[in-house]
Amino acid sequence: MKNILIIDDEINICTLLSKFLSKHGFNVDTTMTGAAALKMMKEKSFDLVLCDYRLKDTDGAQLLQDIRQINPHTIVIIITGYTDVRVAVEMVKNGAYDYLSKPLYPDEILNLVHKAFAHKESEMERLAVQPVDAGSAPEARETLLSRNQQDKNDKYVYGESDGAKELIRQIKLVAPTDYSVIIFGETGTGKESVAHLIHHHSKRAEQPFVALDCGSLSKELAASELFGHEKGAFTGAINTKIGAFEQAQGGTLFLDEISNLSYDIQVAMLRVLQEKVIRRVGSLKEIPVDVRIIVASNEKLSESVQRGKFREDLFHRFNEFTIYIPPLRERSEDLPLFVTSFVKQVERELDKSCGKISSEVWKCFQQYNWPGNIRELKNVIRRACLLTPEMQEITMAALPLEMKEAFTQTAEEMPVSGELAIMANDNDLKTVALQAEYNKIINVLKEVKYNKTKAAQLLNIDRKTLYNKLRLLNINY
């Protein structure tokens with residue numbers, strides 16, 4: 001029986017997880033403080049620790065180090081709130097197995113625990129079959145390095161469409177340089193993956209890659225997250241904090257949703273790029289930084305400049321090279337490659353074999369607009385594989401409701417050409433409503449120069465609804 005320790009200062013979470021995991025065959029202990037947890041670990045061996053990042057007497061980062069000193073083989077999974085996700089990701093890089101975001105879902109926790117134990121067992125088996133000694137087995141070390149290289153390559157799907165080939169060509173061209181890069185693309189197109197690829201193919205590949213979502217930063221926290229702060233710099237600054245620039249020293253800093261930064265932070269960022277030094281909040285000391293900057297946005301930064309939302313001088317600092325990621329609907333040739341890759345990933349996650357995808361589901365995939373792009377496709381595959389019994393065919397029943405509704409629109413509701421076909425008679429209320437919708441959407445699209453994000457905002461609907469209406473009304477822009 002595996003031993004699990006739960007560390008959380010909320011008694012309800014401790015009780016809930018303890019009962020749930022005990023019911024599934026684990027021996028579970030709980031505690032509400034880091035000090036008590038370390039004492040328990042010195043007295044008893046735990047196979048896995050579920051640890052809240054924020055505790056009353058310590059934080060997850062420090063506790064992770066202490067746990068690894070006591071028992072480096074213990075698996076650590078971090079429990080975190082939404083605002084601490086970036087920190088949790090850093091902890092995964094520093095040795096934690098994975099992290100869970102609140103609110104917690106018991107089935108998700110159980111799945112991750114099983115996955116963690118399976119991963120540990122496979123690692124032990126691999127090491128038992130092929131031990132690596134840095135001094136006496138250079139061939140084994142080369143094999144391990146080769147395997148690690150292959151693991152990196154397996155994370156990416158290189159498409160076969162013209163858009164995908166051009167994207168890869170540009171990545172390989174700009175990667176070896178130290179140019180700042182702007183990545184532009186719709187939500188879910190894989191901007192962070194492209195940033196990772198640029199870093200992977202650069203001369204900084206062995207140095208840190210740090211990602212920061214500027215869209216989740218408040219004006220008050222942005223300076224601290226980017227540049228760090230000194231202990232006592234402001235209320236709540238109980239420890240010195242290393243910012244993203246220092247964390248990425250020598251490597252690459254990826255800033256997602258860059259247009260969300262406040263004007264004050266944009267000014268500070270401009271100075272950092274010009275002087276190549278940062279100053280932590282509450283400090284007068286300047287710290288030199290050597291960091292490559294990659295930024296991303298789902299809207300054109302040049303348009304943000306025109307609206308006065310983004311500084312023009314900062315834009316030109318970033319705009320040494322721009323990469324556009326085409327949406328999934330414009331690269332349908334790559335759809336089978338993504339589906340195959342995601343199915344394999346989900347099979348490893350769920351430790352089950354997924355069946356074949358039915359011809360009807362394939363047809364739905366090909367006709368669907370994919371407003372959430374690659375991220376939406378991956379979630380659809382996860383859902384379908386989870387709902388479908390092992391080795392059985394994946395059918396339409398396993399797809400989300402919005403996909404099934406879009407696919408099952410009757411032929412009478414679908415226009416026959418670029419213009420809306422007037423069916424029945426002009427007095428038919430449904431026909432008149434469809435014609436009015438068609439005209440309104442066309443006019444708004446023309447007004448915003450066919451920018452669908454802006455069109456959805458003006459129409460007061462979300463982008464997914466807009467894409468469904470574009471398909472329904474056969475508007476191809």
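A protection proxy built from the mean count of other Cβ atoms within 10 Å ranks the segments 208-216, 354-362, most packed first, as 208-216, 354-362. Packing around the peptides 2-10, 383-391, 96-104, taken as the average count of other Cβ atoms within 10 Å per residue, puts them in this order, highest first: 2-10, 96-104, 383-391.
The phi-based Karplus calculation (6.51 cos²θ - 1.76 cosθ + 1.60; θ = phi - 60°) puts the 3J(HN,Hα) values of segment 401-408 at 4, 5, 6, 5, 5, 5, 6, 8 Hz, whole numbers, x for Gly and Pro. Within the chain, the percentage of alpha carbon pairs spaced more than 31 angstrom apart rounds to 55%. Calculated over segment 429-473, the projected area of the Cα convex hull averaged across directions stands at 2.8 nm².
All other residues with a Cβ under 12 Å from the Cβ of Lys165 taken together, and with Lys, Arg as +1 and Asp, Glu as -1, what is their net charge?
On the way: positive: Arg169, Lys172, Arg331; negative: Glu160, Asp162, Glu166, Glu333, Asp334.
Value of the local net charge: -2.
Estimated translational diffusion coefficient (Stokes-Einstein, Kirkwood radius over Cα pairs, 10 °C, 1.306 mPa s) of segment 3-122: 113 µm² per second. Taken one residue at a time, the phi angles of segment 89-96 give Karplus couplings (6.51, -1.76, 1.60, θ = phi - 60°) of 4, 4, 5, 4, 4, 9, x, 5 Hz. Gly and Pro are set to x. Accessible area per residue for the chain is 53 Å², calculated with a 1.4 Å probe on protein heavy atoms, without ligands, DNA or RNA. The listed residues Glu192, Glu333, once ranked by accessible area (1.4 Å probe) with the largest placed first, stand as Glu333, Glu192. Using equal-weight Cα scatterers in the Debye expression, the normalised intensity of segment 290-410 in log10 at q = 0.17, 0.18, 0.20 Å⁻¹ is -0.86, -0.91, -1.04.
To the nearest 0.05, how large is the calculated FRET efficiency for Thr465 and Lys203 if R₀ is 41 Å and r is the Cβ-Cβ distance? Could you put the intermediate results ahead of the total?
Values: r = 45 Å, r/R0 = 1.09.
FRET efficiency, Thr465 to Lys203: 0.35.
Between the helical axis of 373-387 and the longest alpha-carbon principal axis of the chain there is an angle of about 70 degrees.
Computing Rg and the Kirkwood Rh from the Cα coordinates of segment 162-324 gives a ratio, Rg/Rh, of 0.97. Each peptide in 366-377, 312-323 was scored by the mean count of other Cβ atoms within 10 Å over its residues; highest first, the order is 366-377, 312-323. Near Val380, once Lys and Arg are set to +1 and Asp and Glu to -1 for all other residues with Cβ below 12 Å from its Cβ, the sum equals +3.
The values are calculated or read from the model by the stated rules, or taken from the named source; none is laboratory data. Quick caveat: nothing in here was measured; it's all calculated off a predicted structure. Counting neighbours? That spans all protein chains shown, and the Cβs are built from the backbone with ideal geometry, glycine included. Each accessible area value is taken on the protein alone, full model and side chains, heavy atoms only, with ligands, DNA and RNA left out. Shrake-Rupley method; radii C 1.70, N 1.55, O 1.52, S 1.80 Å.
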